[in-house]
Structures are given as structure tokens and as C-alpha cells.
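Values in this text are rule-based calculations from the coordinates and carry no lab data. Because the structure is predicted, anything quoted here is derived from the model rather than measured. Quick reminder, even Gly has a Cβ in these numbers, built from the backbone with ideal geometry, and neighbours come from all protein chains shown.
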Amino acid sequence: DGGITQSPKYLFRKEGQNVTLSCEQNLNHDAMYWYRQDPGQGLRLIYYSQIVNDFQKGDIAEGYSVSREKKESFPLTVTSAQKNPTAFYLCASSTRLAGDEQYFGPGTRLTVT
Amino acid sequence: GIQVEQSPPDLILQEGANSTLRCNFSDSVNNLQWFHQNPWGQLINLFYIPSGTKQNGRLSATTVATERYSLLYISSSQTTDSGVYFCAAANDYKLSFGAGTTVTVRA
């Protein structure tokens, strides 16, 4: 079954702790993306990656970090520097960067207290 | 990035009714997608339509790229059509999302 998996579905953390969200795809896509969604709003781009070992900041990268060591995997770390980390995080992928259709994973709901 | 505006923000329909959702965007695009977000948060791809017209069952979409808008048509609506519909557009790498239209279909 081809697709994008994100784990865990729900994540709870204490303020001041770093947390890493997993995103894996078996679609053989080159490009991967991380978005954040706050209640009642659309999605905003955090980071994106065109190829392995390369990634670029999106609109709201402050307080986040990523790595792209494998084509299939694009983990997102929410650091303690992120002021409002509680949100719904969605990972996406596409066959190349600009213009191609993006497909989304099921998301991770992060709650920081 | 591109500015995307969706209207109306909320739509309440009786089962069986037809409806049109609108998406305006601020620049030329190489990607225009419509999504349905289900109650669990999953974004379901409805259409990839940077230009032209497509149909999939009771749903269809039209993008008029020269006039910078796209329309999503829902015909014979069902309660399972309820949820939030997002339009997203890009002219490079960054997909910019509208705020969504919340559709409620009543039985």
C-alpha cells in the first residue's frame, strides 16, 4: 500500500522539551514538506526538501528543525524555542518540487502543556 | 507567496442540494488543488486543476487561470460531504492555502 505515514497520531509533551514527529513515504517522491495547521485556519509551510540532504525554510520555520538523510523520511523536530507548538502537523510529498500535486499524511496532533 | 481567498466561509445545505465554492488567487499558478478535510483531520485530494475543468462523480471543478479563480461544484450533496474544503495554489514550491469553507449537509 503506497502512501504517507505519520506517527504518532497524538503527542503530549511538557513545555521546554524537544519532540520529533515522524514522516515516512513509500511513493518514491523526491519532494517532502511539513505544514502546520491551527484551529479554524489553513495550512502554513514550515520546511520543505527537494532531495536528500537538502531542505529549505518555509514561512514559519522558527523553532523547528528537519533532516533529510533518506529519500523516504523527513522528520520534524519541534524545539523548545517554538513559542506556540500546540498544533496539528501535516507532512506531504510530491514527485518534484514546483507544480506537482502534493499528497498528505494523516497528521500528528501535538499538545504542549 | 500567493494570496488565496475562499468563499463563502460557511455553507449549510439540505441533503440533495447543489452548491458552488469559490477560490480566488492573486497570481498565475502552476498548481491549484482542492482538498476535503475529514473530521479526523486527513486532507483528501479532490482535484489537481491548475487550469481547465475536471469531474469526479458528484464533484467537479473549474479553474480559469487567466481570471485567477477556481470553482468547486458539489451536486446532490450528501451528509458525508460535510467537512472543510480547502483550496491551495502555488506558482513555485510553496502551496498557499485559503482559510477553507466549512460545509454542513443536513439530512
If you wrap a convex hull around the C-alpha atoms of the stretch A:71-113 and split its volume per residue, what is the figure in Å³? 104 Å³
Rounded to whole Å and ordered largest first, report the semi-axes of the equivalent ellipsoid of the stretch B:13-62 derived from its Cα gyration tensor (root of 5λ). 21, 15, 11
So what's the stretch A:46-106 giving for Cα Rg divided by 2.2 N^0.38 Å, two decimals? 1.14
Taking the beta-carbon count within 10 Å as an exposure proxy, list B:PHE97, B:PHE86, A:PHE88 from fewest neighbours to most. A:PHE88, B:PHE97, B:PHE86
Assertion target for A:TRP34, B:TRP34, ordered by fewest C-beta neighbours within 10 angstrom first, is B:TRP34, A:TRP34
Full-extension gain in nm, B:ASP27 to B:SER76, via 0.36 nm per residue minus C-alpha separation: 14.4 nm
Dipole in debye (nearest 20) - chain A, about Cα centre, beta carbon charges: Lys, Arg +1; Asp, Glu -1: 360 debye
Give me the Kirkwood hydrodynamic radius of chain B, using the inverse of the mean 1/r over all pairs of distinct Cα atoms, in Å to one decimal. 13.7 Å
For the stretch A:1-87, state which trypsin sites (Lys or Arg not before Pro) are in a DSSP loop and have at most 14 other beta carbons lying within 10 Å of their beta carbon. A:LYS9, A:LYS14, A:LYS83
Hey, rough spin-label estimate for B:GLN42 and A:SER80, points 7 angstrom out along Cα→Cβ, what's it come to in nanometres? 3.7 nm
Can you tell me the Rg and the Dmax, both Å, for the Cα atoms in the stretch A:16-76? 11.8, 35
Suppose a student asked you for the relative contact order of chain A, using Cα pairs under 8 Å spaced at least 6 residues apart; what percent would you report? 35 percent
Report, for the protein assembly as shown, the % of DSSP beta bridges that are antiparallel, rounded to 5. 90 percent
With the cut-off at 24 Å, report for the protein assembly as shown the share of all Cα pairs above it, as a whole percent. 43 percent
Of all stretches in chain A that avoid GluC sites (Glu not before Pro) placed in a DSSP loop and having at most 13 other Cβ atoms within 10 Å, the longest is A:16-61
Phi angles of the stretch B:13-19, converted by Karplus (6.51 cos²θ - 1.76 cosθ + 1.60, θ = phi - 60°) into ³J(HN,Hα) in whole Hz with x for Gly and Pro, give 10, 8, 3, x, 7, 9, 8
Kirkwood hydrodynamic radius of chain A from all distinct Cα pairs, in Å? 13.9 Å
Using label points projected 7 Å from each Cα along Cα→Cβ, tell me how many nm separate B:THR66 and A:ILE51, to one decimal. 3.8 nm
